[in-house]
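Quick notes on the structure that follows.
Readers should treat all values here as calculations from the given coordinates under stated rules, not as data from a laboratory. Please read these numbers as outputs of a predicted model, since none were measured by experiment. Please note: Cβ atoms are built from the backbone with ideal geometry, for glycine as well, and neighbour counts cover all protein chains shown.
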Amino acid sequence: MRFLTISLLLFLFNCHTYTPWKSGWKQKDGSEVFYAAVSAKASEQAIESGSLAMRRTTCVNATNLLSTSPKLTSILLENESVELSETEIKDLGRLIASHKIKPKQDSCQSEEGGFFLPSPAWENCQCLYLIEYPGGRSQFRQDITQVK
C-alpha cells in the first residue's frame, strides 16, 4: 500500500499540465502594466547534452534575447489587434524605444511536463515579462494613433 501511495504521488508530481501564459494588460500596484509572454527553445547543444540545468539556462536566455523592443512591439500590437504598415511599425518601435522601457522577467516555465523516462523539460520554455509602459494602455493607444 505504501509503495502504491508513493507511486501515485510521484505520478501526480511528474504529470502536471502545462498552461501557457497569455500576454495582456493588468493592474499592478495601482497602475496598468503589460505582461508579455515570450516563448523560446533551448540551444541544440544543451538539448544534446542531456543537462536539465543547461537546457533551462539556454532557454531562459533565449527568451531574454527575444524580449527586445521589436519583439515586444509586435506582442503589444497583437494584443491590441492593430495592423500597421512596416513603416508605422518601425516608427512605433522607435517611439517605444524612446520610452527606454526595460522589461522585467517575472517568471518562467517549461512548456513540457516531466515523466518517468528522460524528460524533454526546458527544451521549450515560456517567460512572462512585465512591461511598465509610461501612461499604461491608454498612452500606448495614443502612441499607435500618433504613428498612423
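Seen from residue 60, the other residues with C-beta closer than 14 Å to its C-beta sum to a net charge of +1, counting Lys and Arg as +1 and Asp and Glu as -1.
Averaged over residues, the count of other Cβ atoms within 10 Å places the peptides 58-70, 95-107 in the sequence 58-70, 95-107, highest first. Among the lysines of region 21-147, pairs that are 8 or more positions apart or on different chains and have alpha carbons within less than 25 Å of each other number 24.
Translational diffusion coefficient of region 21-147 at 4 °C, 1.567 mPa s, Stokes-Einstein with Kirkwood Rh over Cα pairs, in µm²/s as a whole number. Estimated diffusion coefficient is 82 µm²/s.
Distance between the 7 Å Cα→Cβ label points at residue 142 and residue 43: 4.4 nm.
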